[in-house]
Amino acid sequence: MKIGGFTNLFEKTLGVFAFGFVLFPKFAPLFFIVLITVVLSGIIKKEVSFQLNVISSSFLLFYFCYLIGIIFTSDINAGVFELEKKLSFVIFPLLLSLKFKKIWSINVAYMGFILATFLVTLYGIIMALSAWLGTGGGNWVYFSSAISPIHHPSYLAAYLTISTAFAFIGWREKLPFFSLYWIIPFTIFVIVIHGFLQSLSGTLFLFIAIFTSLLIWLRNKFRRPIFYTIIILIPLIGFIVINSIPSIQNDWKDATSNVIEYSKNPKSFVENREQTLSSSSVRIILWTAAFQIFYKHPFGVGTGNMDEFMNKELIILKQIELTKQNFNPHNQFLQTAVEIGFFGLLVFFAILFSSIYYGLKYKNYLLIIISSNLLFNSLFESMLQRQSGIIFYCFWLCLLSLYLFSHEIKKVKIS
């Protein structure tokens, strides 16, 4: 196998994987096998060599924390299941910690992911439309999971936002096939779909990303008086947009009112809540329960023990009904802290902030965006508890760190 031949095959395999795990998540093991086979063939034929970096090493350490945590589990089956779900924290760091003999491109992976995200969203729209027609147009079924039947709406919102970032970075770097003729309509499509997904965290992150991008562009484009005027106007426009979408408006009002009420009397808020709870009040109760568990067990309760300890704490908080729904904390930081303790939480922070640090240092904006997206969404969801999040974030953070250490750092050293 020639060096160029392997590089070309590796690029295409990344594209197939980026496309496949989004559109056909049930066949993810098959895509893993293909990727493993290609990488191993390159290592055996000495086309590439193995070389860990800081970010991939952090993921391996993260998995090691879960491996240690299984020692303390009271349900070995649940613990083993958690370890199986998180095998990506081992597979991707090992597969994507390579030293190449030749420059390679990430273009095909970008395109594969963007195309798959568009198709999976289109499939959701078709399914929602079919359901609506099946009811004779009597029920409005275009919202939330109805329009996102394959992935949870929060994950699809993340996919769409990151796809938009890929598109603009590809255009900025003048990669083949990245044209504003399709990028601008796609961006409008992404913004509109966010309104149907009803993911408040997803919508907020999208707005923050757009706002930050506009600030950077405006700072370089206009003089200070105009720049500061636009800075004042953009949040106002965002406020108007958010309030023009009824579902987002209601979620925002409900969240703010619950936070205010909770801050006045946390104990009364949690224990005297009515059983018919809004999503924001449920989250506050779950966060309270998870924090109290972490306070009692700073070194973690053990891998796979989350459900048991959450149920016990919810009973103490007089929220019996919530125990029947097996909720996780809906916060990845608390999820990690409760399961594998303070040290595991530090490792999770190391993954996030090392990604942001190297992204800023070497101006790899995609690494910044994806790690920031994980950080932000982890405040509201346990993003690394489903394969949609585990594979997505681990794959792209490891792949982008590989690209960073293969390309950008070398460029900086040469210059």
Between TRP217 and PHE342, the two model label points (7 Å from Cα along the beta-carbon direction) sit apart by a distance in nm of 4.6
Which of the three applies to region 273-415, rounded, prolate or oblate, going by the alpha-carbon gyration tensor with a ≥ b ≥ c and a/c under 1.5 meaning rounded?
prolate
Let me know the Kirkwood hydrodynamic radius for region 5-133, please, with Cα pairs as the basis and the value in Å to one decimal.
16.9
Between ASN8 and TYR123, what is the FRET efficiency for a Förster distance of 35 Å, r being their Cβ-Cβ separation, to the nearest 0.05?
0.70
Highest mean first, what order results for 158-170, 281-293, 178-190 on Cβ atoms within 10 Å?
158-170, 281-293, 178-190
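Semi-axes of the equivalent ellipsoid of region 173-215: what are they in whole Å, largest first, if each equals the square root of 5 times a C-alpha gyration tensor eigenvalue?
Values: eigenvalues 100, 39, 11 Å².
Semi-axes, largest first: 22, 14, 8 Å.
Full-extension gain between LYS318 and SER145, please, as 0.36 nm times their residue separation minus the C-alpha to C-alpha distance. Mind showing how you got there, number by number?
Values: separation 173, 0.36 × 173 = 62.28 nm, distance 2.94 nm.
This chain segment gains 59.3 nm when fully extended.
When the chain is fully extended, how far beyond the present Cα-Cα distance does ILE208 get from VAL259, taking 0.36 nm per residue of separation? Don't skip to the end; give the middle numbers.
Values: separation 51, 0.36 × 51 = 18.36 nm, distance 2.10 nm.
Value of the extension gain: 16.3 nm.
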Estimated distance in nm for a label pair at TYR365 and ILE43, the labels positioned 7 Å out from Cα along Cα-to-Cβ:
3.5
Expressed in nm to one decimal, what extension gain is obtained for the pair SER179 and LEU379 from 0.36 nm per residue of sequence separation less their Cα-Cα distance?
68.6 nm
Simple spin-label estimate for SER105 and ASN326 in nanometres, 7 Å along Cα-Cβ
4.6
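Is the shape of region 352-393 best called rounded, prolate or oblate, per the rule: a/c under 1.5 gives rounded, else a/b larger than b/c gives prolate, else oblate, with a ≥ b ≥ c the square roots of the Cα gyration tensor eigenvalues? Don't skip to the end; give the middle numbers.
Numbers: a/c = 2.99, a/b = 2.07, b/c = 1.45.
Prolate.
Each value in this text was obtained by applying a stated rule to the coordinates, not by laboratory testing. Note that the coordinates shown come from a computational prediction; the quantities given were computed from them, not determined experimentally. In this analysis, Cβ positions are derived from the backbone assuming ideal geometry, glycine residues included, and neighbour counts consider all displayed protein chains.
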